[in-house]
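Reviewing the structure listed below.
Read the figures in this text as sums done on the coordinates, not as results from a lab. Predicted model, so just to flag it, every value in this text is computed and none were measured. Here Cβ is always computed from backbone atoms with ideal geometry, including for glycine, and neighbour counts include all displayed protein chains.
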Amino acid sequence: MVEQLQRLVVRYGESVQKPVRFRPGTWRPRLVSHGAAHVLDIGVESASGPGGDRLIDRGDLARLRDHAGDDADGLRDLFVAVMIWGSGTTNGRGPRYTEAALSDPRLPGVLRTTREAVRGGDLSGAYRQFALKGVGRSFFTKWFAAVDDREATCDRALILDDRVFRSLNACHTGLA
């Protein structure tokens, strides 16, 4: 099983994820009161699908990460962009859960401390410290991947969504 996983990693190692389509109109009512509606301008307008849709990709997240610095609003904006990117048009709960996190008074501290833990290579510490209303493992590990600006030679933060988690659990007996 491990050999099969290693072959897949090599096979798809250079793959680039396509941009994710999102609908700003779905998100706007959840972001306006938190001063984060401007994040909806990220990416580019989608040439296909319903009018007004936009596309966001990992490059957009990296540019926003590099611009955010230590500013609490910048980190909030990056977090919102990560939630949009992670939700796309298929996760109808994303805007509601993002609004719950934005309303959580722990948000600035959690974003700052987990970003620092990830950048310091303490991924398990970041995992233990992340606690915000509405945000589970599938999305907070997307946050970790987005804020991880370390060299590619490091053990980088990876996204542990439900699909990956199920696959790893299915392989567990082969990994022992």
**Request:** Could you point to the residue in Pro29, Gly43, Ala62 farthest towards the positive end of the stretch 26-80's charge dipole, with +1 and -1 charges on the Cβ of Lys/Arg and Asp/Glu respectively?
**Result:** Pro29
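Send over the semi-axes of the stretch 77-118's equivalent ellipsoid, whole angstrom and largest first, taken as the square roots of 5 times the C-alpha gyration tensor eigenvalues. Can you show the working numbers first?
Values: eigenvalues 82, 31, 8 Å².
Rounded to whole Å, the semi-axes are 20, 12, 6.
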**Prompt:** For Asp70, what charge total do you get from the other residues with a beta carbon under 10 Å from its beta carbon, if Lys and Arg give +1 and Asp and Glu give -1?
**Reply:** 0
**Descending Cα extents along the principal axes, the stretch 1-46, whole Å** = 50, 21, 14
**Message:** At 222 nm, what value in deg cm²/dmol follows for the chain if DSSP H runs of at least 4 each add -39500 (n - 2.57) and the sum is divided by all its residues, to the nearest 500?
**Reply:** -17500 deg cm²/dmol
**Request:** Provide the convex hull volume over Cα atoms per residue for the chain, in Å³.
**Result:** 131
**Fill in**
Between the alpha carbon centres of the stretch 102-176 and the stretch 3-18 the gap in Å comes to 20
**Message:** As I understand it, the value is the acute angle between the Cα axis of helix 2-12 and the longest principal axis of the Cα atoms of the chain; what does it come to in degrees, rounded to 10?
**Reply:** 40
**Prompt:** Which of the GluC sites (Glu not before Pro) found in the stretch 85-176 are loop residues per DSSP with 16 or fewer other Cβ atoms within 10 Å of their Cβ?
**Reply:** Glu151
**Message:** For the pair Asp104/Asp71, report the inter-label distance in nm, with labels modelled 7 Å from Cα in the Cβ direction.
**Reply:** 2.4
**Asked** Relative to the longest principal Cα axis of the chain, at what angle does helix 107-119 sit, 0 to 90 degrees, rounded to 10?
**Response** 30
